[in-house]
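Below: the structure, in structure tokens.
The values are calculated or read from the model by the stated rules, or taken from the named source; none is laboratory data. The structure presented is a predicted model; accordingly, all values stated were derived computationally and were not measured. Note that each Cβ is placed from the backbone with ideal geometry, even for glycine, and that neighbours are counted across all protein chains shown.
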Amino acid sequence: MERTTTAWLALQTGEGALAVGLVFAARSLPSLLLGLASGTIADRADRPRQLLAVAAGALLLAAGFGLLIIPSGVHAWQLAAFAFASGCLQVFDTPARQALVLDTVPRDLAPRALALNALGGRFSAALGAFGAGVLILSVGAAGCFVVVAVGYGLMGLWVAGLHVTQAHRGVVAVPFIRALKDAARLIVDIPVVATLITAGIACEMLGFSYGTALPVFAQDVLAAGPEGLGALNAAVAIGGALAVVMLSLLPVRVRREPLLGAVFIGFGLSIIVFAATRDIAVAALVLVVLGFCAASFDVLLQMLIQMAVPDKQRGRAVGLWVLGVGSGPVGHLEMGWLVGALGAPIALLINGMLTVTVATTLLVRARAYILGKTSQKGERVNAEAGRRG
């Protein structure tokens, strides 16, 4: 709900796609600045308390922005500042939340647990996106942010009653700076992690930047209002929900690496097809497929990164994934510039083609890993490197 409302407000500032790109870039920037630190903290702190602090901060931020800023009118720089602050909170939410999921289940059930957690997020994202489109018309953007604040309050209440034995408890804590360096060394010491981070950065810059073009595409190409944008965002979330349902039901014995390569290519192809649509119903169907591929890539990447490192470093592994998300500002600003210069359809077509090209290149260069043919000896080397880290 927050992201749909913010994107719509950015479009209404009169600065077009550049304002939308600026807002998305500002939201992603904290991942680049704080990704490693947030993962390291998640490996050292009490994770439920960390989530509780995030919920409290987000509640105050959303309520203040909705009640104090929007009624007097909002500018692009204010939306960017809000998005940056929201991103700073989110960057400390993700590593703690993902690592906490694996604290609740045996390691062999981790893929299903992460998929189920993602399922809840995708369904709520679909409801929030559709709800934002309706609420903007009925109660305005300020009312949407008040509802967002209430949602964060409910999150805090749930987390406050959560009691989970954490895997990193009982491990001798090393100095924070050393732990931060150990997190960075995971990329060097474990080749699989380097491959996954490379894929994540490329997909973040070229694939996920479609979100910057979506509000402009909805308004200028599909002639849709806020309810139309909400429906399109909801279609993405529904596709994501379908993806995590499939992943949660997938037998544990099925290797996830080949799926990652397939959905990476599918992500790029769906962006290309979406660029050619001119009917909102058809566009929504294509976005269901796009959301399916995007969510599958996201969940599989997080899952494989965590499974590639020792248990005591899972938070830092997710921190590396968050750091990869931090490459998003480059993609969003690039997409905003392309949309302003060439129009949303051409911009989407260019990035879709680049996504397919990069995904195919990765499939060729890392074929042994993506196709699940990594030798047991190589896996032992990765595990030993992780233990040294």
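With the structure loaded, tell me whether residue 294 is assigned to a helix (DSSP H, G or I) and either over 23 Å from residue 35 (Cβ atoms) or at pLDDT below 90 (or both) or whether it fails that test. The answer is no for residue 294. Residue count for the stretch 247-272 under the criterion of being without any contact (Cβ under 8 Å) to a residue 60 or more places away in the chain, of a type in the set (A, V, I, L, M) and within 23 Å of residue 350 (Cβ to Cβ): the result is 2.
The set of residues in the stretch 73-129 being within 23 Å of residue 52 (Cα to Cα) and not in a helix (DSSP H, G or I) consists of 104, 105. Quick one: which of 368, 341, 359, 317 is surrounded by fewer than 24 Cβ atoms within 10 Å (Cβ to Cβ), at pLDDT 65 or above, part of a helix (DSSP H, G or I) and at negative phi? Only one candidate qualifies: 341. For the stretch 217-237, name all the residues that are of a type outside the set (Phe, Trp, Tyr), crowded, with 24+ Cβ neighbours inside 10 Å and under 18 Å from residue 340 (Cα atoms). Across the stretch 217-237, the qualifying residue is only 218.
Every residue, every condition in (1) at pLDDT below 90; (2) part of a helix (DSSP H, G or I); (3) on the phi > 0 side of the Ramachandran plot, yes or no:
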| position | (1), (2), (3) |
| --- | --- |
| 218 | no, yes, no |
| 224 | yes, no, no |
| 234 | yes, yes, no |
| 237 | yes, yes, no |
| 245 | yes, yes, no |
| 253 | yes, no, no |
| 261 | yes, yes, no |
| 264 | no, yes, no |
| 269 | no, yes, no |
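Based on what the data block shows, is residue 99 farther than 18 Å from residue 136 by Cβ, among the small types (Gly, Ala, Ser) and crowded, with 21+ Cβ neighbours inside 10 Å?
Working: farther than 18 Å from residue 136 by Cβ: yes; among the small types (Gly, Ala, Ser): yes; crowded, with 21+ Cβ neighbours inside 10 Å: yes.
Answer is yes for this residue.
If you go through the stretch 65-84 and keep only what is of a type in the set (Gly, Ala, Ser) and either at pLDDT below 90 or buried (at least 18 other Cβ atoms within 10 Å of the Cβ) (or both), you end up with 66, 72, 73, 76, 80, 83. Within the stretch 1-18, the residues that satisfy the criterion of being surrounded by 24 or more Cβ atoms within 10 Å (Cβ to Cβ) and in a helix (DSSP H, G or I) are 2, 4, 5, 6, 7, 9, 10, 17. Of the residues making up the stretch 86-112, those that are farther than 26 Å from residue 2 by Cβ and not basic (Lys, Arg) are 102, 103, 104, 105, 106, 108, 109, 110, 111.
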